[in-house]
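A short write-up of the structure that comes next.
The values are calculated or read from the model by the stated rules, or taken from the named source; none is laboratory data. Treat the numbers as computed from the prediction; the structure is a model and nothing was measured. Because the Cβ atoms are built from the backbone with ideal geometry, glycine has one as well, and the counts that use them run over all protein chains shown.
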Amino acid sequence: MLHSKPREDNYLHKGLRKQLVQIIREKGIGDERVLAAIEAIPRHFFLDPAFERIAYEDRAFPIVADQTISQPYTVAYQSELLEVKKYDKVLEIGTGSAYQACVLAELGAMVYSIERQKGLYDFVGDFFFLKNYPNIKRFYGDGYAGLPSYAPFDKVIVTAAAPFIPPKLVEQLKPGGIAVIPVGDDSGQKMMRITKDKDGDVHEEELGDFVFVPMLTGKNK
Ligand code: SAH
């Protein structure tokens, strides 16, 4: 399968990646560690070879099973809000292409990522590049349930549009933890940052506007 074969990352790709980082920086991302992770990861590996240049435009792009690889700016924005530290346990809902998971892994997180679509989950399982990140664990399941057996988490990131803040994900957050979740419907979502303080009290902040594919209930075979 195409996705299983190693691909080349040459000076052209690296040059395009530097330009992409510059664009994201100009859009307001200031966290140098996040920018370095975007610069390190060959985003074209996540797309069909026909889309090598498009891979370095700052936009979302369709992958298999009607799903998308998120826009690099959005990936950087969510990653910055999460304030990822080395060895943080991070729960991600919506593995998709695994691009966001790789950015978190590059930041040193222990990533636990759930995908509800079996086809997509299997597709990513063949992906040669993931062998570089033994700190990513993938699960086929329903993100609304989180991963109670691995909880609590330092951080939670949802990369699909949630109609409301999923209560189990907040439950599975450690005191002092941060969750970043786009909340809304198909017409658009607000990025919400949820922080749990040391006493377990939860605070919500409403941030910018985004558009994600919907967070659906249940698993899909
Ligand atoms: N993080 C991804 C973006 C994925 S798009 C990336 O970097 O490419 C959103 C993903 O969330 C899709 O793959 C979709 O199938 C998945 N998804 C939607 N609802 C879900 C749920 N309840 N549990 C787990 N995954 C879900």
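For this structure, a couple of remarks:
- Selected residue [in a strand (DSSP E or B), among the β-branched types (Val, Ile, Thr) and crowded, with 20+ Cβ neighbours inside 10 Å] from VAL103, VAL75, VAL90: VAL90
- Taking the listed residues ILE63, ILE93, the one that is within 13 Å of the ligand (Cβ to nearest atom), out of contact with any helix residue (DSSP H, G or I) (no Cβ under 6 Å at 6 or more places or on another chain), under 20 Å from ARG138 (Cα atoms) and not basic (Lys, Arg) is ILE63, with no other qualifying.
- When residues of segment 79-111 are limited to those that are of a type in the set (Gly, Ala, Ser) and touching an Asp or Glu at 6+ places or on another chain (Cβ under 8 Å), the one farthest from LYS174 (Cα to Cα): GLY96
- Scanning segment 146-171 for residues that are surrounded by fewer than 17 Cβ atoms within 10 Å (Cβ to Cβ) and either within 22 Å of ILE69 (Cβ to Cβ) or free of Cβ contacts under 8 Å to residues at least 24 places away in the same chain (or both) turns up SER149, PHE164, PRO167.
- Of all the listed residues (PRO175, PRO152, PRO134, PRO148), the sole one being under 23 Å from ILE38 (Cβ atoms), more than 16 Å from the chain's Cα centre (by Cα) and not β-branched (Val, Ile, Thr) is PRO134.
- Residues located in segment 106-121, provided they are within 6 Å of the ligand (Cβ to nearest atom) and either within 10 Å of the chain's Cα centre (by Cα) or not in a helix (DSSP H, G or I) (or both): ILE114, GLU115, ARG116, GLN117
- Taken over segment 172-221, the residue count meeting the criterion of being free of Cβ contacts under 8 Å to residues at least 60 places away in the same chain, within 16 Å of the ligand (Cβ to nearest atom) and surrounded by 13 or more Cβ atoms within 10 Å (Cβ to Cβ) is 8.
- Condition met for TYR144 (touching a Gly at 6+ places or on another chain (Cβ under 9 Å), of a type in the set (Phe, Trp, Tyr) and within 11 Å of the ligand (Cβ to nearest atom)): yes
- Residues in segment 66-90 that are touching a Gly at 6+ places or on another chain (Cβ under 8 Å) and within 12 Å of the ligand (Cβ to nearest atom): GLN67, THR68, ILE69, SER70.
Yes/no per residue for (1) touching a Phe, Trp or Tyr at 6+ places or on another chain (Cβ under 8 Å); (2) modelled with pLDDT under 95; (3) among the hydroxyl-bearing types (Ser, Thr, Tyr):
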| residue | (1), (2), (3) |
| --- | --- |
| ILE54 | yes, yes, no |
| PHE61 | yes, yes, no |
| THR68 | yes, yes, yes |
| GLN100 | no, no, no |
